[in-house]
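Here is the structure we will look at, set down as structure tokens.
The values are calculated or read from the model by the stated rules, or taken from the named source; none is laboratory data. Quick caveat: nothing in here was measured; it's all calculated off a predicted structure. Don't worry about glycine lacking a Cβ; one is built from the backbone with ideal geometry, like all the others, and counts go over all protein chains shown. The area values use the complete protein model at the heavy-atom level, side chains included, leaving out ligands, DNA and RNA. Shrake-Rupley method; radii C 1.70, N 1.55, O 1.52, S 1.80 Å.
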Amino acid sequence: MRKLIDIDEATLTKLKVISIFEKTSVKGLIENAVQTYVKNKQSNQFNNLSDEEKEDMGMLLLMQEADRNEKVSEEEIFKMLGK
């Protein structure tokens with residue numbers, strides 16, 4: 001996805017200087033900064049969840065990884081829950 005953003009000249013100049021030292025492009029530098037910011041925010045939000053909410057989030061992530069084409073009978077489900 002391509003999005004345009006406005007950056008003031010002073011910030012852009014600073015990004016260009018940093019990109020030279022980091023041996024990367026300004027675009028790459030911004031992408032890394034945004035990814036780091038998003039991970040940090042997600043981590044902070046996760047740490048503020050209660051234990052029950054964390055369990056719910058874990059279950060949601062597991063459900064997203066499940067193969068939706070695979071079918072299991074009701075009998076098998078109740079048998080596993082009975083263990």
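Helix 26-47 against the longest principal axis of the chain: what's the angle in degrees, Cα atoms only, rounded to the nearest 10?
So the inclination is approximately 40 degrees.
What's the FRET efficiency of residue 30 with residue 64 using the Cβ-Cβ distance as r and R₀ = 35 Å, to the nearest 0.05?
Step by step, r from the Cβ atoms, then E = 0.80.
Can you give the angle from 0 to 90° between the axis of helix 51-65 and the longest principal axis of the chain, with both taken from C-alpha atoms, to the nearest 10?
90 degrees
With the other protein chains left in place, how much accessible area per residue, in square angstrom, belongs to the chain at a 1.4 angstrom probe?
Averaged over the residues of the chain, the accessible area is 101 Å².
Hey, what number do you get for the chain at 222 nm if only DSSP H runs of n ≥ 4 count, each worth -39500 (n - 2.57), divided across all residues, to the nearest 500?
Taking each H run of at least 4 residues, the total per residue is -23000 deg cm²/dmol.
If one computes P(r) from the Cα atoms of the chain, what percent of pairs lie at distances over 19 Å?
Everything past 19 Å amounts to 66 percent.
Can you give me the angle between helix 9-22 and the longest principal axis of the chain, using Cα atoms only, in degrees from 0 to 90, rounded to the nearest 10?
In the chain, helix 9-22 runs at an angle near 70 degrees to the longest axis.
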